[in-house]
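Input: a single structure, listed below in structure tokens.
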Amino acid sequence: MTDRTTATRDRFRYGAAAVALVAAAGVGAAGARADETCQSPYMAKITGQEEYVYVLTLGVEGLGDGSDKLVTVDARPDSKTYGQVIDVDSVGGRHETHHGGLTDDRRHLWMAGLDTSRIFIFDIATDPANPRMVKTIDDFVEKSGGVVGPHGAYALPGRMLVSGLSNAEDKTGRTALVEYTNDGEYIATHWMPTAETAKGIPGAEFADGYGYDARVLPRKNVMLSSSFTGWSNYMRAFGDLAQDGEAMKRFGQSMVLWDLHARQPKKVFHVPGAPLEVRWAWGEDNDYAFTAAALTSKIWLVHEDEAGEWQATEVGTVGDPANPPIPVDISISADDKTLFVDSFMDGTVRVFDVSDPKAPQQIYEKRIGKQVNMVSQSWDGQRVYFTSSLLANWDKKGEDEDQFLKAYDWDGKELKERFAIDFKAEGLGRPHLMRFGARSLYAG
Amino acid sequence: MNARLLATLAAGLLSVAPALAHDGAPHRPELAIGRSAAFDYDPPAPGSYRLAAIKAAADAEVLDHRGRRVSLGGLLAGKVTVMAFIYTRCADVCPLATVLLHEIRGITALDATLSGAVQLVTLSFDPENDTPEVMAMQAAGLEHLGEGAPWHFLTTDGLRALRPILDAYGQPLARNGGEYAHELRVFLVDPARRIRNIYSVGFLDPRMVVTDVRTLLGESARQAAVR
């Protein structure tokens, strides 16, 4: 247990200058700057309105050039091309480039291919309106020692942490976290704990070795990871998969709390039903994170209790769990008061008041489309963007397959649409992860 | 942040250093600092984890605070180095790095196993303003405040010499008039000149950096024993 009073006094005695300088420089609190709310806490910040939305888009055979691509959308309200696609960069071929992320200096955006395990690195700093692919990592599986399906690319200081979803040996969800330098050179692999390798740590019996997201809380020296499923499931047609009882057992049921610095697991939590996105609260005293379990439609809170122990607690339900809407992405507001939860099956966003993180209360819901997946909000919480695609083989079929980016204003009570882009009509593909860009980041 | 203000702040730090010798554990004086709201955890034991080699710490010709040409690679070889890129007129995050290095130096003064094996490097990325004379003023403002590991204040003789260093270490910056937009990066370099950790804002915990230093020194000791 931490004695904050004593600890603060000790730190102040020895490090008065450091504390004063942190306060003076305004770098201790993330809330002073504008940015989206799901990035590393130490990442370079956008100081105003986001100017561009970068959309990782899966190629569709017969649609446009059929390739996976990075689509750049103009988000400047005063621009003649506001709400329009202003740049398209195909990576060549289809790789299921579902997720990725920005480096800590925001100079590069990584697109990670879940199917082919190739990673495409774009320079977004030289001309933020016109990203340019500068490097491809082709040997991820070999270098990582057999990790397959690079998913998120999360910024650590001067490095990228790539969370895998699978492995080359059996293509199940057993996987690892893989570190790279910002310029795309392999550093290290950290395998997710299994019941065998986690022996001796609390919750070892729940360790399934699966992975999905991984995010950090540096002031507590912890990292939290979640779990999904392997290549043999996520590349399979969903209707077919859902009929296969054995395959449906191969979904993640765990979250792992790590010693961030040592990259060693400290505790494993039993969180059934594929806990996906991890979102740490931003407040300096808010030592907790949310996740949503896709298959059980539950919201979970991972938090440090009053005794200093980390716990995982089910705190809410998304829709009707008897007819699960499959929550897939969540977004927490910068003031930690609001949680947006997208669910794929009903194409709906539900907004929860999470002022009391142990008792989320739904305050709003809106159907965004026939299917919806990712949600990203601006730091001020006034703008919210949605995309539609889950995975190429899991998206809805025929008339039910909406593919879009939609932008809304949020006034705390309701969403009002600003613009929409039809990714089918534009010949682009299936849009998934979004990241924001702005010229002000690089202007000095 | 001028040198005098920084020196004043640093003097405040050193005034408590003797207390550490009495209050702290004898082998890890850094732990006497204790937890804080910003670093609310206990550091792991040195050597209980592995620091992967991130990349080679590039060599380059730099100028020391007397204006002498020095090989950065030569300076780094054989010691554990904590190195920060800064510019002296920086009013943003650079002083955090300087305070961190100063805190580490204060800790090394209390532990003979550290003071002879560790060095600190401040390297300016603003050679137009940060001449060797300016770096000498920085050094003078800080060095007389106490004992501890050697601290080198380096610059370059121009942007042509600087640019390859920034590229090699991955220290991007953009200039706008007299100001720089940059990410604060502090590097931990091992005696074989490999970068073993990178710290940025949110990670500038002297307890953790010193724990990393001890982890590297433990490696060196084991390697020496094998030989």
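The table for this structure:
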quantity	calculated
Every residue from the stretch A:175-202 that is over 29 Å from B:Arg207 (Cα atoms), more than 14 Å from chain B (Cβ to nearest Cβ) and in contact (Cβ under 8 Å) with a residue 40 or more places away in the chain	A:Thr175
Only listed residue being open to solvent by 60 Å² or more (accessible area, probe 1.4 Å) and of a type in the set (Gly, Ala, Ser), chosen from A:Ser331, A:Ser376, A:Ser389, A:Ser355	A:Ser355
Residue within the stretch A:42-58 that is over 19 Å from A:Ala443 (Cα atoms), of a type outside the set (S, T, N, Q), modelled with pLDDT of 95 or more and out of contact with any Gly (no Cβ under 9 Å at 6 or more places or on another chain) present	yes
Condition check for A:Arg219: within 22 Å of A:Pro157 (Cβ to Cβ) and assigned to a helix (DSSP H, G or I)	yes
Total residues in the stretch B:190-212, condition within 7 Å of another protein chain (Cβ to nearest Cβ) and over 12 Å from B:Phe39 (Cα atoms)	3
Filter result (open to solvent by less than 40 Å² (accessible area, probe 1.4 Å) and over 28 Å from B:Tyr49 (Cα atoms)) within the stretch A:236-271	A:Leu241, A:Ala247, A:Phe251
Matching option when the condition is touching a residue at least 40 places away in the same chain (Cβ under 8 Å), open to solvent by less than 20 Å² (accessible area, probe 1.4 Å) and of a type in the set (D, E, K, R), among B:Asp157, B:Asp130	B:Asp130
Any chance B:Gly78 is surrounded by fewer than 17 Cβ atoms within 10 Å (Cβ to Cβ) and in a loop (DSSP other than H, G, I, E, B)	yes
Verdict on A:Glu417 being at negative phi and either surrounded by 23 or more Cβ atoms within 10 Å (Cβ to Cβ) or not in a strand (DSSP E or B) (or both)	no
Scan of the stretch A:175-201 for residues that are open to solvent by less than 20 Å² (accessible area, probe 1.4 Å), in a strand (DSSP E or B) and closer than 14 Å to A:Gly164 by Cβ, ordered by number	A:Ala176, A:Leu177, A:Val178, A:Glu179, A:Tyr180, A:Ala188
Of all residues making up the stretch B:75-100, the number that are of a type in the set (Lys, Arg) and at pLDDT 90 or above	1
Matching residues in the stretch B:105-127 - criterion: being in a helix (DSSP H, G or I) and either without any contact (Cβ under 8 Å) to a residue 40 or more places away in the chain or crowded, with 24+ Cβ neighbours inside 10 Å (or both)	B:Arg105, B:Gly106, B:Ile107, B:Thr108, B:Ala112, B:Ser115
Single condition A:Phe340 does not satisfy, out of (1) within 17 Å of A:Met374 (Cβ to Cβ); (2) among the aromatic types (Phe, Trp, Tyr); (3) over 15 Å from the mean Cα position of the chain (by Cα)	(3)
Given (1) touching a Leu at 6+ places or on another chain (Cβ under 6 Å); (2) free of Cβ contacts under 8 Å to residues at least 24 places away in the same chain, number of the condition A:Asn323 does not satisfy	(1)
In the stretch A:94-124, residue farthest from A:Met160 (Cα to Cα) [restricted to those that are open to solvent by less than 10 Å² (accessible area, probe 1.4 Å) and within 14 Å of chain B (Cβ to nearest Cβ)]	A:Ile124
Enumerated strands (runs of 3 or more DSSP E) restricted to the stretch B:136-227, each holding at least 3 residues that are touching a helix residue (DSSP H, G or I) at 6+ places or on another chain (Cβ under 8 Å)	B:151-154, B:186-189, B:194-199
Residue count, the stretch B:33-74 (criterion: assigned to a helix (DSSP H, G or I) and either within 7 Å of another protein chain (Cβ to nearest Cβ) or modelled with pLDDT under 95 (or both))	1
Qualifying residue in the stretch B:86-100 (condition: part of a loop (DSSP other than H, G, I, E, B), away from every other protein chain (no Cβ under 14 Å) and closer than 21 Å to B:Arg214 by Cα)	no
Check on B:Arg194, open to solvent by 50 Å² or more (accessible area, probe 1.4 Å) and free of Cβ contacts under 8 Å to residues at least 24 places away in the same chain	no
Residue match in the stretch A:160-167 (condition: at pLDDT 95 or above, open to solvent by 10 Å² or more (accessible area, probe 1.4 Å) and of a type outside the set (S, T, N, Q))	no
Residue match in the stretch A:310-319 (condition: modelled with pLDDT under 95 and of a type outside the set (Phe, Trp, Tyr))	no
Test: residue in the stretch A:277-297 that is farther than 25 Å from A:Lys397 by Cα, without any contact (Cβ under 8 Å) to a residue 24 or more places away in the chain and charged (D, E, K, R)	yes
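The values are calculated or read from the model by the stated rules, or taken from the named source; none is laboratory data. None of these values were measured; they are calculated from a predicted model. Backbone-built Cβ (ideal geometry, glycine too); neighbour counts: all protein chains shown. These area figures cover heavy atoms from the full protein model, side chains too; ligands, DNA and RNA do not enter into them. Shrake-Rupley method; radii C 1.70, N 1.55, O 1.52, S 1.80 Å.
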